[in-house]
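Below is one structure; the comments refer to it alone.
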């Protein structure tokens, strides 16, 4: 009897393993942070969606970049695996700022479908494919843009919260006017933020206020497929940073080892900026200044690679003032996301700044209120942050079912 039960359980296990390794549908792994995967899975039921890239026939990676119209350029990288190994492809689709979420996901799904057709044909899933070609007038008309590629946007937000002994209000808003073409990139922006908090005690009320205004203009010219030059101007005012006005103008150059056309996939960029900065302070600084004009320079190197196994990015940049080289700053930032083995991924990121250029620090010691309520810039030699995490999934290799019941409750 024990032998029969053991044999029965063995058969069940073999059937379970077999059912998870055989399928009459194309197995797909979706690698995307900015797409509606549930929508794709609900609409394209003729595919099998697996939870790990190593289990897929096709690994689909979707990355995005902002476009000049305020929309997104989505690049679809298709990687064939197993019997399809080495059969890779790349497709793109562009959305604009007026596209709704429904329109965006429909465009994404159409490209997703088209990109998988050749893989289905190669694996013999011909019966699952139907062809519908729309006939249109092939005569091309020159597009005339009445806005000459200029895009404008207005933003305003308000937020508040409170309780019996505390209330807080935050208001912010801004305006942008941008013109982005293959040859020129012009960006103008204005932003303001106001935050007020009130804390109630038995005999006293403490009020915390933070206000900042920021304006910038940058113009960038594409010189070659690797090199660009630009000019940037910024101006801002901040109670927290002790600036009544901080105005900067600086020309800059950037060289990318890889062509800019490959920027969604890989980048190694070198940037150099040199310029002048005029400061007027709300309070006298620790250097006994109420206003000054200084020259500075900044050099940076950044890299980014996006692959099937994950992504890695790193950046280092340093700056200093010419009148005193000891007034400098060095900043490191890096992130790594790895899929180490089936179902297991690991990510780590962090930032470290070595700070020796706090020329706007107010003279005098900060009060306890200033420190606790973050009302004033504090002297420091460094700042850092970091995070690390793991993610492990095991069990059934198929995850095609979408069930949104009680979602968000």
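The values are calculated or read from the model by the stated rules, or taken from the named source; none is laboratory data. The structure displayed is predicted, hence computed values, not measured ones. For neighbour counting, all protein chains shown are included, and Cβ atoms are generated from backbone atoms with ideal geometry for every residue, glycine included.
Structural remarks
- Of 295, 304, all but one fail to be in contact with a strand residue (DSSP E or B) (Cβ under 6 Å, 6 or more places away or on another chain), part of a strand (DSSP E or B) and modelled with pLDDT under 95; the exception is 304.
- None of 404, 362 is over 26 Å from residue 316 (Cα atoms) and modelled with pLDDT of 90 or more except 362.
- Check on residue 180, crowded, with 16+ Cβ neighbours inside 10 Å and in contact (Cβ under 8 Å) with a residue 60 or more places away in the chain: yes
- So residue 273, is it in contact with a strand residue (DSSP E or B) (Cβ under 8 Å, 6 or more places away or on another chain), surrounded by 15 or more Cβ atoms within 10 Å (Cβ to Cβ) and at pLDDT below 95: no
- Test result for residue 113, in contact with a strand residue (DSSP E or B) (Cβ under 8 Å, 6 or more places away or on another chain) and touching a residue at least 24 places away in the same chain (Cβ under 8 Å): no
- Flag if residue 332 is surrounded by 14 or more Cβ atoms within 10 Å (Cβ to Cβ), closer than 24 Å to residue 248 by Cα and free of Cβ contacts under 8 Å to residues at least 40 places away in the same chain: yes
- Residues in region 99-109 include at least one that is within 30 Å of residue 181 (Cα to Cα), in contact with a strand residue (DSSP E or B) (Cβ under 7 Å, 6 or more places away or on another chain) and either surrounded by 12 or more Cβ atoms within 10 Å (Cβ to Cβ) or modelled with pLDDT under 85 (or both).
- Filtered by the rule that a residue be under 23 Å from residue 213 (Cα atoms) and either surrounded by 13 or more Cβ atoms within 10 Å (Cβ to Cβ) or in contact (Cβ under 8 Å) with a residue 24 or more places away in the chain (or both), region 143-154 gives 151, 152, 153.
- Residues (surrounded by fewer than 16 Cβ atoms within 10 Å (Cβ to Cβ) and touching a residue at least 60 places away in the same chain (Cβ under 8 Å)) located in region 192-238: 206, 209
- All strands (runs of 3 or more DSSP E) inside region 143-249 with 2 or more residues being over 29 Å from residue 291 (Cβ atoms) and outside the structural domain of residue 358 (by TED's automatic domain parsing): 150-163, 166-180, 184-200, 205-222
- Subset tally (residues that are under 27 Å from residue 308 (Cβ atoms) and exposed (fewer than 15 other Cβ atoms within 10 Å of the Cβ)) for region 245-269: 5
- When the residues of region 335-359 are filtered to those that are part of a loop (DSSP other than H, G, I, E, B) and at pLDDT below 80, the one that is surrounded by the fewest Cβ atoms within 10 Å (Cβ to Cβ) is 342.
- For region 20-47, filtering for residues that are at pLDDT 85 or above and part of a strand (DSSP E or B) leaves 7.
- Of residues in region 307-334 being part of a loop (DSSP other than H, G, I, E, B) and within 33 Å of the chain's Cα centre (by Cα), the one modelled with the highest pLDDT: 309
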